[in-house]
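Below you'll find the structure, written out as structure tokens, and then a few comments.
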Amino acid sequence: MLTKTYSTDDIVQRGQEIYERDIRSKVEADNEGKLLVINVETGEYEMDADDVVAAKRAKTRFGNAELFTMRIGHSAAYRIGSHLLSRKSS
Amino acid sequence: MTGVVTRHWEATLDLIVRAPVGREEHVQTVVDTGFNGYLTLPDFLIASLGLPYHSRTVVTLADASQVTLRQYEASVLWDGTGRDVLVLEADGGPLIGMALLRGSRMTMDIEVGGALRIEPLP
């Protein structure tokens, strides 16, 4: 079976598009903060409040499909480093 | 579990990271309470462990910029028990984050050579 090779940008873009178009209206209101793992090839997803549970369930279910991991209600799944204050221009 | 505050004023903890295939590495990590994930590792450690790739994910950095990182699966020896974690591939020193610390009490003597202690919450 031929599978399309996705670039990094493809995976993120497709994942975000699928979320906005097909998933967000169904899940966002009641699941803020949960990890969501999207199969960018089929649009299917797994979701859980426990990140590892969501990740493992997605891997088990979707196998080697390209996956995009995100956090519901947030622009990024993780944050590294404390927030810096923005520099105000004088 | 015990670690130490270094002369660079970093809270460090040595961790054993394991891959499903059985390889393991001793990794010196820095505890970063501004990181809400589990663990970051540089690419060469991920490769030498043979960690299975999981997904791409977007991460926000301290300057509010966002980057796409690769995420992998691993387990760590935590308080004598294996715990499954997600590993972000990121340059620089390995970091431990709040997701891994969840359920623990962490105390530090913040002086050079001071002890870092991590134990389960009562």
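Just so it is clear, none of the values below were taken in a lab; they were calculated from the coordinates. All values reported here derive from a predicted model rather than from experimental measurement. FYI the Cβ positions are ideal-geometry reconstructions off the backbone, even for glycines, and counts take in every protein chain you see.
Every helix of 4 or more DSSP H residues in chain A counts as -39500 (n - 2.57), and over all residues that averages to -8500 deg cm²/dmol at 222 nm. The fewest-to-most ranking of B:Phe35, A:Phe68, A:Phe62 by surrounding Cβ atoms within 10 Å reads A:Phe62, B:Phe35, A:Phe68. Each residue of the stretch A:38-50 is assigned a 3J(HN,Hα), and the resulting list reads 9, 7, 6, 8, 10, x, 6, 8, 10, 9, 6, 6, 9 Hz, derived from the Karplus form 6.51 cos²θ - 1.76 cosθ + 1.60 (θ = phi - 60°), x at Gly and Pro. I'd like the FRET efficiency for A:Thr5 and B:Arg83, computed as 1/(1 + (r/R0)^6) with the beta carbon distance as r and R0 of 35 Å, rounded to 0.05. Computed FRET efficiency for A:Thr5 and B:Arg83: 0.60. Averaging 1/r across all pairs of distinct Cα atoms in the stretch B:45-90 and inverting the result yields a Kirkwood radius of 11.8 Å. Shape annotation for the protein assembly as shown: C-alpha extents along the principal axes are 56, 54, 35 Å, from largest to smallest.
Averaging over all projection directions, the Cα-based convex hull of the stretch B:47-122 occupies 7.1 nm² in the image plane. When the convex hull of its Cα atoms is viewed from all sides, chain A shows a mean projected area of 8.1 nm². Residues whose amide H comes within less than 5 Å of that of A:Lys34, counting only those at least five positions distant or on another chain, are A:Ile72 (H built at 1.01 Å from N in the peptide plane).
Seen against the Cα atoms of chain A and their longest principal axis, helix A:8-18 is set at about 90 degrees. Using C-alpha pairs under 8 Å with a sequence gap of at least 6, the mean separation divided by the residue count of the stretch B:1-110 gives a relative contact order of 32 percent. Evaluating 6.51 cos²θ - 1.76 cosθ + 1.60 at θ = phi - 60° for every residue in the stretch B:23-40, the Karplus couplings come out as 5, 9, 9, 8, 10, 8, 10, 10, 7, 10, 6, x, 10, 9, x, 9, 7, 10 Hz, glycine and proline recorded as x. Spin-label model, B:Gln28/A:Arg61: points 7 Å from Cα along the beta carbon direction are separated by 4.2 nm. Inter-part distance, the stretch A:16-90 to the stretch B:53-121, computed on C-alpha centroids, equals 18 Å.
Give the Kirkwood hydrodynamic radius (Å, one decimal) of the stretch B:1-79, defined as one over the mean of 1/r across all pairs of different Cα atoms.
Hydrodynamic radius (Kirkwood, Cα pairs) of the stretch B:1-79 is 14.0 Å.
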